[in-house]
Amino acid sequence: MSKTLLAIFAHPDDEAFGNGGTLTHYAKQGFKVYLICATRGESGKITDPSIDPNVDKGKLREEELKTACKAMGIEAPLFLGFHDSGRHERTQHGNDKALMNVDELEIERSILAHIAEIKPEIMISFDPHGIYGHVDHIKVHRAATAAFWSADSVMNPAPKRLFYSAMSSERMRVMQAARPNSPLSNLDAGIYGVAEASFAAIMNVSAYKAEKEAAIKAHRSQVGPQSSFANATANTQENDAWLEMFQRETFTLGGLRGSFPAMPVNDLFASHEK
Ligand SMILES: [Zn+2]
């Protein structure tokens with residue numbers, strides 16, 4: 001039976017920046033790689049002026065995510081159908097389907113339904129601070145963590161490991177300095193990032209620069225010229241922060257069934273037997 005990885009994120013593009021190389025790596029090994037996206041990113045800001053501002057954003061971003069998944073060689077995305085809660089002036093306070101207003105148990109159950117089908121051995125989601133604190137990231141973090149622990153109810157044996165996509169405080173400071181207007185700005189890097197010693201897995205993804213870059217660029221509406229993520233390319237000479245994104249992806253450990261080799265591993269599926 002082929003090995004199976006399930007990543008769970010909130011919006012189209014969440015998968016690409018911190019995990020694109022890792023997802024590509026396992027797809028290339030012949031593993032089954034699935035991505036659950038809780039929303040279609042309906043409240044995202046269109047940052048490419050060549051896109052009609054009146055476009056159906058959810059539909060557009062669904063298509064962008066499908067393209068990104070193809071670029072990484074993973075299965076087509078699975079959507080939970082909740083709505084993007086948005087940020088700032090776009091916050092969806094009155095929208096019952098916005099993730100921020102949905103009961104966490106409901107999100108957990110909808111994730112469990114997919115876990116029952118997919119039967120993942122390894123899961124990936126956001127860390128407790130959701131990289132930069134987006135309310136949807138934190139809701140998905142909680143629901144995915146809860147689903148990891150309740151997965152015994154829908155599969156046996158249940159998933160072995162839950163990893164959190166995480167950034168080091170040091171790297172966050174470098175990225176903040178390089179991009180003063182990014183979503184990382186004004187965050188306490190000591191809180192939102194982790195110490196290097198906290199990483200349970202460090203993936204060398206330098207072999208997958210092309211695929212990761214293609215996945216990022218597939219999110220055309222989000223990485224347009226008006227985005228703080230514009231020009232996020234593998235060949236950029238702009239600064240080390242962005243180059244590192246194409247070299248390694250880092251994870252903390254959020255849940256474990258069974259044993260774990262000495263941290264950090266260089267393979268999310270690593271076992272003691274070599
Ligand atoms: Zn997001």
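General remarks:
- Residue-level analysis places S50 outside the set of residues that are within 13 Å of the ligand (Cβ to nearest atom) and among the polar types (S, T, N, Q).
- Residues satisfying the stated conditions in segment 121-160, i.e. under 16 Å from the mean Cα position of the chain (by Cα) and either among the polar types (S, T, N, Q) or not in a helix (DSSP H, G or I) (or both): I122, M123, I124, S125, F126, D127, P128, H129, H134, T145
- Residues that are modelled with pLDDT under 95 and loosely packed, with under 15 Cβ neighbours inside 10 Å, drawn from segment 49-60: P49, S50, I51, D52, P53, N54, V55, D56
- Pair list, Cβ < 6 Å and 6+ apart or interchain, from segment 234-257 residues that are modelled with pLDDT under 80 to residues that are surrounded by fewer than 16 Cβ atoms within 10 Å (Cβ to Cβ) and among the hydrophobic types (A, V, I, L, M, F, W, C): N239/A178; A241/A178
- The requirement of being at pLDDT below 95, away from the ligand (no atom under 16 Å from the Cβ) and not in a helix (DSSP H, G or I) is fulfilled nowhere in segment 61-82; no residue meets it.
- Yes/no for A38 being away from the ligand (no atom under 16 Å from the Cβ) and either among the aliphatic types (A, V, I, L, M) or assigned to a helix (DSSP H, G or I) (or both): no
- When H141 is tested against (1) touching an Asp or Glu at 6+ places or on another chain (Cβ under 8 Å); (2) surrounded by 24 or more Cβ atoms within 10 Å (Cβ to Cβ), only condition (2) is not met.
- Any hit, segment 114-123, residues being more than 16 Å from A7 (Cβ to Cβ) and either surrounded by fewer than 21 Cβ atoms within 10 Å (Cβ to Cβ) or out of contact with any Gly (no Cβ under 8 Å at 6 or more places or on another chain) (or both): yes
- Condition check for T91: within 16 Å of the ligand (Cβ to nearest atom), surrounded by fewer than 24 Cβ atoms within 10 Å (Cβ to Cβ), over 15 Å from the mean Cα position of the chain (by Cα) and among the hydroxyl-bearing types (S, T, Y): yes
- Look at segment 126-142: where a residue is farther than 15 Å from F251 by Cα and a partner is in a strand (DSSP E or B) and within 11 Å of the ligand (Cβ to nearest atom), sitting 6+ places away or on another chain with Cβ atoms under 7 Å, you get D136/A38; D136/T39; H137/F126; V140/F9; V140/A38; V140/F126.
The values are calculated or read from the model by the stated rules, or taken from the named source; none is laboratory data. Remember, predicted model here, so these are calculated numbers, not experimental data. Neighbour counts run over all protein chains shown; Cβ positions are idealised from the backbone, glycine included.
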